[in-house]
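Undergrad: Sharing a structure here in structure tokens format.
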Amino acid sequence: MSNESLANLLKEERRFGPSAELAAAANVTAEAYEQAKADRLGFWAEQARRLTWATEPTETLDWSNPPFAKWFADGKLNVAYNCVDRHVEAGNGERVAIHFEGEPGDSRAITYAELKDEVSRAAHALTELGVEKGDRVAVYLPMIPEAVIAMLACARIGAAHSVVFGGFSADAIAARIKDADAKVVITADGGYRRGKPSALKPAVDEAVGRVEGVQKVLVVQRTKQDVAWTEGRDVWWHEITRKQSTEHTPEAFDAEHPLFILYTSGTTGKPKGILHTSGGYLTQTAYTHHAVFDLKPETDVYWCTADVGWVTGHSYITYGPLANGATQVMYEGTPDTPHQGRFWEIVQKYGVTILYTAPTAIRTFMKWGDDIPAKFDLSSLRVLGSVGEPINPEAWMWYRKNIGADKCPIVDTWWQTETGAMMISPLPGVTETKPGSAQRALPGIAATVVDDEANEVPDGGGGYLVLTEPWPSMLRTIWGDDQRFIDTYWSRFQDRYFAGDGAKKDEDGDIWLLGRVDDVMLVSGHNISTTEVESALVSHPSVAEAAVVGAADETTGQAIVAFVILRGTANAEDEGLVADLRNHVGATLGPIAKPKRVLPVAELPKTRSGKIMRRLLRDVAENRELGDVTTLTDSSVMELIQSRLPAAP
Ligand code: 6R9
């Protein structure tokens with residue numbers, strides 16, 4: 001990658017320090033960086049003591065067979081006990097664990113004591129259905145408390161769960177059941193989405209009919225819609241759990257016992273089953289949730305808007321927050337049902353203090369208008385988080401001003417399914433934040449940026465993000481494919497973990513993420529990041545959202561094609577506006593980054609976790625047949641875009 005062009009297109013001078021009040025009471029101070037630097041393994045050994053171990057570990061890291069790590073290998077623990085029982089034993093059983101808000105407006109508060117009973121019952125039920133320690137269970141549920149209960153019940157009996165996004169196709173479910181060899185599938189009749197019940201069980205029925213080995217399908221009743229029933233195989237969740245005991249003795253498992261498999265779709269090839277284990281994973285999710293959100297479990301109300309089908313839901317709805325004894329909100333539905341202020345209504349209703357959401361949602365709220373959040377009382381908020389994509393500086397500013405009352409620190413958290421927990425992020429009581437930058441590796445984490453030859457780039461340089469030391473919540477392998485694990489992550493840069501993201505370091509050494517390297521554009525010999533061009537577009541007052549791709553071009557190798565969603569009053573047919581947008585990018589980033597074509601569209605193709613699927617847009621821009629669309633939220637979006645596309649000039 002040639003560094004001159006990627007390095008410093010975007011200049012961002014705005015800075016926001018933490019308030020004195022927050023800094024004074026913060027869970028973690030700047031000292032943590034020093035402490036972890038002086039003794040990284042000692043630091044993690046100390047963080048592992050946040051957990052309750054049946055056998056305390058004496059070893060921290062075993063890296064004798066890289067890249068296969070073992071953390072806290074001689075320790076034993078039960079993950080579900082750590083997330084539930086110990087809080088009850090500590091006298092916090094009456095604390096609300098989950099404030100559930102259903103899309104139709106039904107709500108339910110579940111205390112830690114109740115959660116313990118529910119998880120215990122579900123654990124007994126799974127055992128009755130034949131699930132044993134070491135087995136795999138597939139979970140295909142809407143965003144309802146049973147999703148968390150199911151995950152914890154699996155963890156409690158030592159079975160690994162494999163959660164599949166509710167709404168993925170029967171094909172996607174079948175492939176995941178088969179790869180993990182799941183014995184039981186937990187699903188629901190349906191869930192509420194966009195104001196109506198949306199069926200889930202038919203996709204499971206179809207998938208289970210296609211693969212071998214599934215013995216039981218456990219079905220939660222959520223919508224009470226009609227379902228097809230296979231006698232002997234299908235079991236109602238409420239019927240089997242109702243008759244179980246609420247007493248269940250958790251068994252202690254090895255720290256390296258598998259906790260879950262989660263599939264990442266990837267851009268090509270078969271999905272990768274990312275394997276996470278118990279002790280290291282729970283240590284890092286708990287620590288980062290405590291440090292990055294400054295969580296005070298007695299007083300905070302935390303809300304992560306992710307779906308449990310995404311790693312963000314695993315680590316920051318189920319495991320991290322519950323290990324910390326947090327009170328959290330869980331919302332079933334979409335942000336515009338029944339109205340576009342739904343999120344802010346929920347913040348107001350529960351007095352949410354910490355909000356964790358994704359740039360895609362923030363850009364949508366920007367598009368809907370400032371007046372919507374302004375109607376609600378958001379004064380309870382004190383820390384705001386972002387995850388999933390680089391956050392464009394203008395979206396960051398909007399989030400801070402319109403949601404955070406110009407005072408809440410924003411933590412832009414970079415991490416991946418593979419890393420299991422946050423890796424690069426500001427700390428809310430410490431960091432002077434910069435809009436658009438995830439900034440610096442968390443205490444105990446080692447990240448840097450290297451060039452093509454694996455040399456660390458100096459401050460001001462750009463290249464590839466790598467992680468240079470093992471970390472507790474790292475993936476242990478790709479399920480059933482150790483070689484692919486080595487090839488994908490550990491071969492490109494001499495034993496360092498290659499994340500697949502482009503990045504640059506600014507003059508202070510802070511890290512800016514520039515998007516997936518597969519998406520980087522090569523224009524007349526210059527590498528240009530999708531993120532920077534998109535951020536330049538989003539900084540124009542007429543643009544709500546943008547996705548750019550490099551399309552094959554005879555003269556320049558690749559040419560930049562931008563798909564933009566316009567804000568409220570802007571007119572898609574306005575030729576002058578298109579010219580204006582091209583010039584705006586040229587003026588912001590330099591002439592080399594000026595898009596060749598700018599195409600206004602109504603929607604962009606996104607995955608269920610809100611990431612823009614640029615490869616599909618590249619197919620469109622190059623007039624190719626579309627690749628795999630199975631992980632799209634809404635596949636009709638692509639038809640819409642294609643139908644709006646003018647002939648290539
Ligand atoms: C947690 C999650 C991982 C990829 C990652 C990167 C992008 C996530 C980001 C970010 C810039 C952030 N990503 N957070 N890029 N800034 N704060 O999203 O996991 O779904 O596996 O995706 O998402 O490209 O490599 P996952």
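The values are calculated or read from the model by the stated rules, or taken from the named source; none is laboratory data. Please read these numbers as outputs of a predicted model, since none were measured by experiment. Neighbour counts run over all protein chains shown; Cβ positions are idealised from the backbone, glycine included. What goes into the accessible areas is simple: the full protein's heavy atoms, side chains included, and nothing from ligands, DNA or RNA. Shrake-Rupley method; radii C 1.70, N 1.55, O 1.52, S 1.80 Å.
Undergrad: Of all residues in region 399-409, which are within 16 Å of the ligand (Cβ to nearest atom) and without any contact (Cβ under 8 Å) to a residue 40 or more places away in the chain?
TA: Residue satisfying the conditions is TYR399 alone.
Undergrad: Take the residues of region 445-475 that are part of a loop (DSSP other than H, G, I, E, B) and surrounded by 23 or more Cβ atoms within 10 Å (Cβ to Cβ): which is farthest from the ligand (Cβ to nearest atom)?
TA: This residue is PRO472.
Undergrad: Then there's this: So, in region 616-632, how many residues would count as being of a type in the set (Gly, Ala, Ser) and out of contact with any helix residue (DSSP H, G or I) (no Cβ under 8 Å at 6 or more places or on another chain)?
TA: Residues that pass the stated criteria total 1.
Undergrad: Separate question: Filter region 33-62 down to the residues that are farther than 26 Å from THR111 by Cα, surrounded by 14 or more Cβ atoms within 10 Å (Cβ to Cβ) and among the hydrophobic types (A, V, I, L, M, F, W, C) and list them by number.
TA: ALA36, LEU41, PHE43, TRP44, ALA45, LEU61, listed by residue number.
Undergrad: So, one more: Residues that are over 17 Å from VAL548 (Cα atoms) and crowded, with 21+ Cβ neighbours inside 10 Å: does region 593-608 have at least one?
TA: no
Undergrad: Before we move on, is LEU275 at pLDDT 95 or above, more than 16 Å from the ligand (Cβ to nearest atom), within 30 Å of TYR33 (Cα to Cα) and of a type in the set (A, V, I, L, M)?
TA: no
Undergrad: Under the condition of being away from the ligand (no atom under 16 Å from the Cβ) and not charged (D, E, K, R), which residue from region 380-396 is least open to solvent (accessible area, probe 1.4 Å)?
TA: The selected residue is LEU381.
Undergrad: Could I ask something else about it? Every residue in region 115-142 that is open to solvent by 10 Å² or more (accessible area, probe 1.4 Å) and either aliphatic (A, V, I, L, M) or closer than 21 Å to GLY325 by Cα (or both), please.
TA: Residues satisfying the conditions are LYS116, ASP117, GLU118, ARG121, LEU129.
Undergrad: To continue, here is another question. Within region 200-234, track down each residue that is in a loop (DSSP other than H, G, I, E, B) and hydrophobic (A, V, I, L, M, F, W, C).
TA: LEU200, VAL211, VAL214, VAL227, ALA228, TRP229
Undergrad: Pick from region 486-524 the residues that are out of contact with any strand residue (DSSP E or B) (no Cβ under 7 Å at 6 or more places or on another chain) and within 17 Å of GLY461 (Cα to Cα): which of them is least open to solvent (accessible area, probe 1.4 Å)?
TA: GLY509
Every residue, every condition in (1) of a type outside the set (D, E, K, R); (2) within 16 Å of the ligand (Cβ to nearest atom); (3) modelled with pLDDT under 95, yes or no:
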residue: PRO541; (1), (2), (3): yes, no, yes
residue: GLY576; (1), (2), (3): yes, no, yes
residue: LYS596; (1), (2), (3): no, no, no
residue: GLY610; (1), (2), (3): yes, yes, yes
residue: LEU632; (1), (2), (3): yes, yes, yes
residue: VAL637; (1), (2), (3): yes, no, yes
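Undergrad: Also, I was wondering about something else. Could you check GLU418 against (1) over 29 Å from LYS349 (Cα atoms); (2) within 15 Å of the chain's Cα centre (by Cα); (3) without any contact (Cβ under 8 Å) to a residue 40 or more places away in the chain and say which number it fails?
TA: GLU418 satisfies all of (1) over 29 Å from LYS349 (Cα atoms); (2) within 15 Å of the chain's Cα centre (by Cα); (3) without any contact (Cβ under 8 Å) to a residue 40 or more places away in the chain except (3).
Undergrad: Name the residues in region 167-199 that are open to solvent by 10 Å² or more (accessible area, probe 1.4 Å) and assigned to a loop (DSSP other than H, G, I, E, B), would you?
TA: Listed by number, the residues that qualify are GLY167, PHE168, SER169, ASP181, LYS183, ARG194, GLY195.
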